[in-house]
Structure formats: structure tokens, C-alpha cells
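The structure appears right after this line, and notes come after that.
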Amino acid sequence: QVHLVESGGGLVQAGASLRLSCVDSGRAFEINVMGWLRQAPGKEREFVAGISWDGTYTHYADSVKGRFTISRDNAKNTVYLQMNSLKPEDTAVYYCAAKAYGYEDHEGYVDWGQGTQVTVSS
């Protein structure tokens, strides 16, 4: 049963902003590392950002550093990805994911949402 549900994707022009949300209906959200990963057409899935269980620590892929911000609200079981200054190369399906530990580790996510499409036109 899928318990991570993403929303907020869409079609925008280069330079625009979007905020993705992911609601976790599971029981362990507040103790899990949460992350956002993405997969562009014809490419492997890649890490975008990770956040520690309490939101204190975050980690980003070099390609999004300074433009994207991951955050979480444990009271709402929700993790966010604020995406600014979007580029056409950010076009991908964005997935929310969870794991027990290792916010800096790009691997190891065990629970996944179904993804939300982000398309950035030039």
C-alpha cells in the first residue's frame, strides 16, 4: 500500500518556481529520513535532496544547490521541495521517498511515492 503521495507538479517556464508536497500516511514519518529524487526521460533516477528526521540537516545534489529547498512539517506528516529558478534540465518525474537513516546518502530509500511530473519549458 502506497503511503507517500506527491502533489504540486506541473508545466512552467524556465525561471519559474514550484513547490512540491508529499504527505505520508504511514506511522513512522517523524523518525524517517525523507528525500526527493527525480527521473528524466531516458535517464536513471537521481538524488535531489534529503532531510533528517527533525529537519535540522539537509543535503542537496550539486545540480540543485542554491535553487531548491527541502523542508518538512512533522505535525502534518509532510515534506516539501521548494524549487526556484527552474531550468529545462529540471524536467523529470519527482519522487518522494523515505528511509530510516542517512540523509546525506543518496541511496537506500525503501518507500516511494508514485511521482509527480515537473516540466520546464525554455
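The values are calculated or read from the model by the stated rules, or taken from the named source; none is laboratory data. None of these values were measured; they are calculated from a predicted model. All Cβ positions, even for glycine, are placed from backbone atoms using ideal geometry, and neighbour counts span all protein chains on display. Please note that ligands, DNA and RNA were not included when accessible areas were found on the heavy atoms of the full protein model with its side chains. Shrake-Rupley method; radii C 1.70, N 1.55, O 1.52, S 1.80 Å.
If you check residue 72 against the conditions, is it open to solvent by less than 60 Å² (accessible area, probe 1.4 Å), outside any loop (DSSP other than H, G, I, E, B), closer than 23 Å to residue 122 by Cα and charged (D, E, K, R)? Spelling it out, it is not the case that residue 72 is open to solvent by less than 60 Å² (accessible area, probe 1.4 Å), outside any loop (DSSP other than H, G, I, E, B), closer than 23 Å to residue 122 by Cα and charged (D, E, K, R).
Among the residues making up region 77-122, a single one is among the basic types (Lys, Arg) and farther than 13 Å from residue 38 by Cβ: 99.
Here is a yes/no grid of residues against (1) within 14 Å of the chain's Cα centre (by Cα); (2) more than 20 Å from residue 4 (Cα to Cα); (3) of a type in the set (Lys, Arg):
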{"residue": "41", "(1), (2), (3)": "no, yes, no"}
{"residue": "46", "(1), (2), (3)": "yes, no, no"}
{"residue": "50", "(1), (2), (3)": "yes, no, no"}
{"residue": "59", "(1), (2), (3)": "yes, yes, no"}
{"residue": "66", "(1), (2), (3)": "no, yes, no"}
{"residue": "75", "(1), (2), (3)": "no, no, no"}
{"residue": "82", "(1), (2), (3)": "yes, no, no"}
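Residues in region 82-99 that are assigned to a loop (DSSP other than H, G, I, E, B) and hydroxyl-bearing (Ser, Thr, Tyr): 2 in all.
Quick one: in region 8-30, which of the residues that are open to solvent by less than 60 Å² (accessible area, probe 1.4 Å), out of contact with any His (no Cβ under 9 Å at 6 or more places or on another chain) and assigned to a strand (DSSP E or B) is farthest from residue 120 (Cα to Cα)? Only one residue fits best here, namely 22.
What do you reckon, is residue 102 over 17 Å from residue 6 (Cβ atoms), open to solvent by less than 40 Å² (accessible area, probe 1.4 Å) and not in a strand (DSSP E or B)? Against the criterion (over 17 Å from residue 6 (Cβ atoms), open to solvent by less than 40 Å² (accessible area, probe 1.4 Å) and not in a strand (DSSP E or B)), residue 102 qualifies. Would you be able to say whether some residue in region 71-81 is out of contact with any strand residue (DSSP E or B) (no Cβ under 9 Å at 6 or more places or on another chain) and touching a residue at least 12 places away in the same chain (Cβ under 8 Å)? The answer is yes, given that some residue of region 71-81 is out of contact with any strand residue (DSSP E or B) (no Cβ under 9 Å at 6 or more places or on another chain) and touching a residue at least 12 places away in the same chain (Cβ under 8 Å).
Selection of region 31-51 for residues being surrounded by 13 or more Cβ atoms within 10 Å (Cβ to Cβ) and either basic (Lys, Arg) or not in a strand (DSSP E or B) (or both) yields 32, 38, 40, 45. As a summary of the residue check, residue 59 satisfies the conditions (1) in contact (Cβ under 8 Å) with a residue 40 or more places away in the chain; (2) open to solvent by 40 Å² or more (accessible area, probe 1.4 Å); (3) assigned to a loop (DSSP other than H, G, I, E, B) except for the one numbered (3). Within region 114-121, is even one residue of a type in the set (Gly, Ala, Ser), modelled with pLDDT of 95 or more and open to solvent by less than 50 Å² (accessible area, probe 1.4 Å)? There is at least one residue in region 114-121 that is of a type in the set (Gly, Ala, Ser), modelled with pLDDT of 95 or more and open to solvent by less than 50 Å² (accessible area, probe 1.4 Å). Hey, can you tell me all the residues within region 75-99 that are open to solvent by 50 Å² or more (accessible area, probe 1.4 Å) and more than 12 Å from residue 20 (Cα to Cα)? Within region 75-99, 75, 76, 85, 87, 88, 89 qualify.
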